[in-house]
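Data block below; observations after.
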């Protein structure tokens, strides 16, 4: 197994902490599992000739982004201006996979260093025209993807005609350049083996769209798809050239329940302390919804908001802001006040967003601590990476 | 109406921004409503002779905490070490209303400046003994409340005998000092008018507990209760001397739906931009669960995760991390891409925790911007207040 990149190695000037010395709640990442997860997706892309453009929303860390680039990613995907700004130090090829609207945000995004080849996804004429006007004023070339709705019903144009019209509008407004199409197959969250009908529909819809665009001589250089649960199937969708998975770096309870990773691939846990067992039949931990989020298991039935990594049958059943209530009905385990537990959250991207720092661990040792530099909305202060 | 404290007045060295100049999503606080909310609770406490010890978890801001102190609060309530550290600059009387366990957290909490009279709530012998051991080593006096479960079934001893035993254990271990009892009536979330049965039960349980403790010569100097929805009823519970409401400063959709405030008392909104209307019947805004949280309406039936402040019938029905889907089925209003909206979240404490800065507004003007200084877990860097 490849070892992780130097920047995730032990901080050389600090004595190694043990996990037991950390104040709880704390966010931990198993460095070996992270390394395996990074390798596995890089290999998937390489084997199938799919460009890998990981979404940084999950880790929000330039250190992990740099490792993704080292392993062959063609660039990075971002959702917010802050993510773009922080990641501009890591790569010169960034995609904002999010509609860019509003003068303050437009000016901020188009101000990222000129050395960065910036791509923006759009699904409306208004967004194209505002982007074009700002890009002209700022003399900033911008690559543009047209976003298609291929089943998620969140954003994305509803017809191929609309996609073609947008692509033409982009092409006629330099310094914009039509670069491709993008879709987000986040509606495919069925357990592995039950995704076939939706994948078949996606395959035929994309095929039809590409044929129509070809006839209209609107040729997307890039066809960008893929989120973590469906990323592993994108080589089965002809035409797709690029995938943008995010969650795969850490994985989470939902990803494991769907079967898109194994439980042992879950690299991210929240360390928590049992703070009360006064009410019988439950134990209270110091990780509530301000530490775990309140995300359901998606795609499959599943109770609770997180599960113990070494006892997945024990879940967080109720939460207050700083209290999590462990359901002890499916276990004979009875924790004591002061015991420390580790939890796999339902949706890791949300939990990372709640933390300022992450501790990288191997076994019981804390080998590295890094800031979640791209968390938040404002400009990043100097030196946060 | 009293004007807010100086520190919430316009920043003198910056030209006033307009709300339309803010990048979205952004957290806004209506300064007039904030001021009225602060006044109203201060007056309630003063009229009924109840000490007000506001919980800072809602605002996490030393500026607002200072205003609460100026209006007569006896001290502040905190849930985390960071909140204690930041608020130690505001008052010399702090309560950690949270079980304090684990060596790292004990050492950190007992290191807040000696000038602060520190009180900690406990519900277990283990917590008392660990606290006593650390307090002895650090030569740090600590006031201790015993937490009773009076219906919430989250933390708190289950019997008055247990409370008396804990109080005695505290009293025999200086530098600990038994200071009182505390309970959290967070289970009382019924709409106003439907809380009577639970309030009657609370009244009789507390009465019985205080009688038993009196017979055992365990005399709580303080009886601390009250969360925002139930705080307004605490003068009807004989024996209660102190209330700890948090949410009242900003209020939220849940508080308004319960009837514990009016819709016009909601001071906190999330500013968001409509970024897509491509899918018919819905509009997508740039505030998803990373900006709004995913908290249900509690206490009463209620759909969605937030509602437009000027069109409460329009709610955020679905969310991704950075996308909120407005449900347009109950309105004839049809927003355009680029329109800006303001949303009242279901649970404001969670939303504040997602933000680094808050903008104080009057009408269309941004009059002040302050950091959410006590957000997060680590030590606060210098100058964050």
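The values are calculated or read from the model by the stated rules, or taken from the named source; none is laboratory data. Not measured: the values here are computed from a predicted model. Cβ sites come from the backbone with ideal geometry, for glycine too, and all protein chains shown count toward neighbours.
Restricting to region A:109-123, name every residue that is in contact with a helix residue (DSSP H, G or I) (Cβ under 9 Å, 6 or more places away or on another chain), in contact (Cβ under 8 Å) with a residue 40 or more places away in the chain and surrounded by fewer than 23 Cβ atoms within 10 Å (Cβ to Cβ).
Result: no residue meets the conditions.
Taking strands (runs of 3 or more DSSP E) that do not extend beyond region A:307-364, which have at least 1 residues that are closer than 16 Å to residue B:155 by Cα and within 12 Å of another protein chain (Cβ to nearest Cβ)?
A:311-319, A:324-327
For region B:69-87, check the following and say yes or no: at least one residue is in a loop (DSSP other than H, G, I, E, B) and within 14 Å of chain A (Cβ to nearest Cβ).
Within region B:69-87, one or more residues are in a loop (DSSP other than H, G, I, E, B) and within 14 Å of chain A (Cβ to nearest Cβ).
Conditions tested, residue by residue: (1) in contact with a strand residue (DSSP E or B) (Cβ under 8 Å, 6 or more places away or on another chain); (2) modelled with pLDDT of 95 or more; (3) in a helix (DSSP H, G or I).
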position	(1), (2), (3)
A:2	no, no, no
A:12	no, no, no
A:24	yes, yes, no
A:28	yes, yes, no
A:34	yes, yes, yes
A:43	no, yes, yes
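Quick one: would you say residue B:175 is outside the structural domain of residue B:344 (by TED's automatic domain parsing), at pLDDT 95 or above and touching a helix residue (DSSP H, G or I) at 6+ places or on another chain (Cβ under 7 Å)?
Spelling it out, residue B:175 is indeed outside the structural domain of residue B:344 (by TED's automatic domain parsing), at pLDDT 95 or above and touching a helix residue (DSSP H, G or I) at 6+ places or on another chain (Cβ under 7 Å).
So which residues in region B:332-346 are touching a helix residue (DSSP H, G or I) at 6+ places or on another chain (Cβ under 6 Å) and farther than 16 Å from residue B:28 by Cβ?
Across region B:332-346, the qualifying residues are B:337, B:338, B:346.
Going by the conditions given, is residue B:189 more than 24 Å from residue B:301 (Cα to Cα) and not in a strand (DSSP E or B)?
no
Please verify whether residue B:211 is free of Cβ contacts under 8 Å to residues at least 24 places away in the same chain and over 30 Å from residue B:136 (Cα atoms), treating the condition exactly as stated.
Against the criterion (free of Cβ contacts under 8 Å to residues at least 24 places away in the same chain and over 30 Å from residue B:136 (Cα atoms)), residue B:211 qualifies.
Is it true that residue B:232 is within 19 Å of the chain's Cα centre (by Cα) and outside the structural domain of residue B:44 (by TED's automatic domain parsing)?
It is false that residue B:232 is within 19 Å of the chain's Cα centre (by Cα) and outside the structural domain of residue B:44 (by TED's automatic domain parsing).
I want to confirm something. Restricting to region B:153-175 and keeping residues that are buried (at least 18 other Cβ atoms within 10 Å of the Cβ) and free of Cβ contacts under 8 Å to residues at least 40 places away in the same chain, which single residue is farthest from the other protein chains (Cβ to nearest Cβ)?
By that ranking, first place goes to B:162.
Taking the conditions exactly as written (crowded, with 22+ Cβ neighbours inside 10 Å and within 24 Å of residue B:79 (Cα to Cα)), does residue B:241 satisfy them or not?
The answer is no for residue B:241.
Can you confirm whether region B:264-277 contains a residue that is more than 14 Å from chain A (Cβ to nearest Cβ), in contact with a helix residue (DSSP H, G or I) (Cβ under 9 Å, 6 or more places away or on another chain) and part of a loop (DSSP other than H, G, I, E, B)?
yes
What are the pairs, 6+ residues apart or on separate chains, where a residue within region B:214-241 that is modelled with pLDDT of 95 or more has its Cβ under 6 Å from a residue that is part of a loop (DSSP other than H, G, I, E, B) and surrounded by fewer than 21 Cβ atoms within 10 Å (Cβ to Cβ)?
B:222/B:241; B:223/B:239; B:223/B:241
How many of the residues making up region A:109-131 are more than 22 Å from the chain's Cα centre (by Cα) and within 14 Å of another protein chain (Cβ to nearest Cβ)?
10
Which one of the conditions (1) part of a strand (DSSP E or B); (2) modelled with pLDDT under 95 does residue B:20 fail to meet, given that it meets all the rest?
With (1) part of a strand (DSSP E or B); (2) modelled with pLDDT under 95 applied to residue B:20, the lone miss is (1).
Residues of region A:134-149 being away from chain B (no Cβ under 12 Å) and at negative phi, which ones?
A:134, A:135, A:136, A:137, A:138, A:140, A:141, A:142, A:143, A:144, A:145
Check residue A:66 against each of (1) under 30 Å from residue A:356 (Cβ atoms); (2) more than 14 Å from every other protein chain (Cβ to nearest Cβ); (3) surrounded by fewer than 17 Cβ atoms within 10 Å (Cβ to Cβ) and name the one condition it does not meet.
(3) is the only condition that residue A:66 fails.
Within region B:346-361, is there a residue that is surrounded by fewer than 20 Cβ atoms within 10 Å (Cβ to Cβ) and free of Cβ contacts under 8 Å to residues at least 24 places away in the same chain?
Yes, region B:346-361 contains at least one residue that is surrounded by fewer than 20 Cβ atoms within 10 Å (Cβ to Cβ) and free of Cβ contacts under 8 Å to residues at least 24 places away in the same chain.
Any chance region A:282-303 includes a residue that's within 14 Å of chain B (Cβ to nearest Cβ) and either farther than 30 Å from residue B:348 by Cα or without any contact (Cβ under 8 Å) to a residue 24 or more places away in the chain (or both)?
Looking for residues that are within 14 Å of chain B (Cβ to nearest Cβ) and either farther than 30 Å from residue B:348 by Cα or without any contact (Cβ under 8 Å) to a residue 24 or more places away in the chain (or both), one finds none in region A:282-303, hence no.
Which of the residues belonging to region B:69-93 are within 23 Å of residue A:291 (Cα to Cα) and either touching a strand residue (DSSP E or B) at 6+ places or on another chain (Cβ under 6 Å) or crowded, with 23+ Cβ neighbours inside 10 Å (or both)?
B:76, B:77, B:78, B:79, B:80, B:81, B:83, B:84, B:86, B:87
Would region A:207-214 turn up any residue that is in a loop (DSSP other than H, G, I, E, B), surrounded by 15 or more Cβ atoms within 10 Å (Cβ to Cβ) and touching a helix residue (DSSP H, G or I) at 6+ places or on another chain (Cβ under 9 Å)?
No, the conditions are met nowhere in region A:207-214.
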